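The values are calculated or read from the model by the stated rules, or taken from the named source; none is laboratory data. Predicted, not measured: the structure shown is a model, and the values here were computed from it. Using ideal geometry, Cβ is built from the backbone for each residue, glycine included, and neighbour counts are taken over all protein chains shown. The area values use the complete protein model at the heavy-atom level, side chains included, leaving out ligands, DNA and RNA. Shrake-Rupley method; radii C 1.70, N 1.55, O 1.52, S 1.80 Å.
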Amino acid sequence: MECLMNNTTLPVCLPKNYSYEILGELKVDISVDCNVYEIPIDALFSMAARKNIKRGFLFVSKILGKHIPVHPLIPFVGGMALAARYMSVIYGDKAFEENCDFAQAFVNPKMLEETWSYTSRHLLSLPDKTLFIGFAETATSLGHSVFSAFSQNALYIHTTRENVLGIDNVLNFAEEHSHATEHYCYAIDPALFENEDMIVLVDDEITTGKSAINFIKAIQKQYPRKKYGVISLLDWRSTAEKQKFMDAEKELGISIHTISLLAGEII
């Protein structure tokens, strides 16, 4: 059965404010600036407290299927939705966007199955060779879900926190704010990076974007190229943090495309 959207016109992105009370002690306010598929935000995440002096809360994904149980098809369709957004922004290809109601897919089991059926039978044709890299630990499967949406020209690898003895890593970089700061990237064939193809970093959430910039700088130092993408389910970068991406573009002589399902700020 074909999965058809009720309205093929993309929604206008309107700011919306939300407030969360966590454990009755912590209040978190967010402003949503863009929700291109109009996915109910409570279908994307819930809020939780954590012991961290820098930020005492976190967004618990309802898409990843990693921290809380979800329908087995939701992580796949989450990756398909990001792939659809990527194709629309980078190539103007709106095939998935015009034929899939992603908003309903995450709240309606019947629509979820129909969306998965449609996307799995109509894989996207990627015009250019592209390497997708999933961020450990939370986005390794999400990155693979994005990769699996394409019928051609897509490659996939992910980072790891493990420093594997006896094997040379092709890349490593630091994620300063994390509980485990070091990321390593291993490839059986280093030629995977020895080209000028587009590299797309996949993460579940971008808060400051510092990790993505650190990774891009590490890649650029060893395997320079002109184009990068950073795609995520959530993007909470402030105006100042977005400026740092533009500064990195200017410093490195590159372009960085940032794409997400939902974007806003923590206020």
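Report P(r) for the chain: all Cα-Cα distances, bin width 10 Å, range 0 to the bin holding the largest distance, values in whole percent.
In order of increasing distance, the bins hold 6, 30, 37, 22, 5, 0 percent.
What does the charge dipole of region 155-267 about its Cα centre add up to, to the nearest 20 debye, if the Cβ of each Lys and Arg holds +1 and the Cβ of each Asp and Glu holds -1?
340
Pull up the DSSP beta bridges for the chain and report the antiparallel fraction as a percent, rounded to 5.
45
In debye to the nearest 20, how big a dipole does the chain give about its Cα centre with +1 on each Lys and Arg Cβ and -1 on each Asp and Glu Cβ?
340
Per residue, how much accessible area does the chain show when a 1.4 Å probe rolls over the protein heavy atoms, in square angstrom?
49
Taking the chain as a Gaussian network, where each spring joins two C-alpha atoms under 10 Å apart, which residue of Ile133, Ile216, Ile39 fluctuates the most?
Maximum among the listed residues: Ile39.
Could you work out the helix-only [θ] at 222 nm for the chain, with each DSSP H run of four or more residues adding -39,500 (n - 2.57) and the total divided by the number of residues, to the nearest 500 deg cm²/dmol?
When only DSSP H runs of four or more count, the value is -9000 deg cm²/dmol.
Below 22 Å, Cα to Cα, which lysines can Lys94 reach? Residues fewer than 8 away in the same chain don't count.
The reachable lysines, counting only those whose Cα sits under 22 Å from Lys94, are Lys129, Lys227.
Please check: in the Gaussian network model of the chain (C-alpha springs, under 10 Å), which one of Phe106, Phe135, Phe193 has the largest mean-square fluctuation.
Fluctuation is largest for Phe193.
Could you tell me what percent of the accessible area of region 1-153 is made up of carbon and sulfur, with a 1.4 Å probe and every protein chain present?
Carbon and sulfur: 54 percent of the exposed surface of region 1-153.
Gaussian network model of the chain, Cα springs within a sub-10 Å range: biggest mean-square fluctuation belongs to which of Asp204, Asp235, Asp29?
Of the options given, Asp29 has the highest mean-square fluctuation.
Using only the heavy atoms of the protein chains and a 1.4 Å probe, how would Thr208, Thr138 rank by accessible area, largest first?
From most accessible down to least: Thr208, Thr138.
Which lysines, if any, have their Cα less than 27 Å from the Cα of Lys27, not counting same-chain residues under 8 positions apart?
Partners within reach: Lys16, Lys51, Lys54, Lys62, Lys66, Lys210, Lys242.
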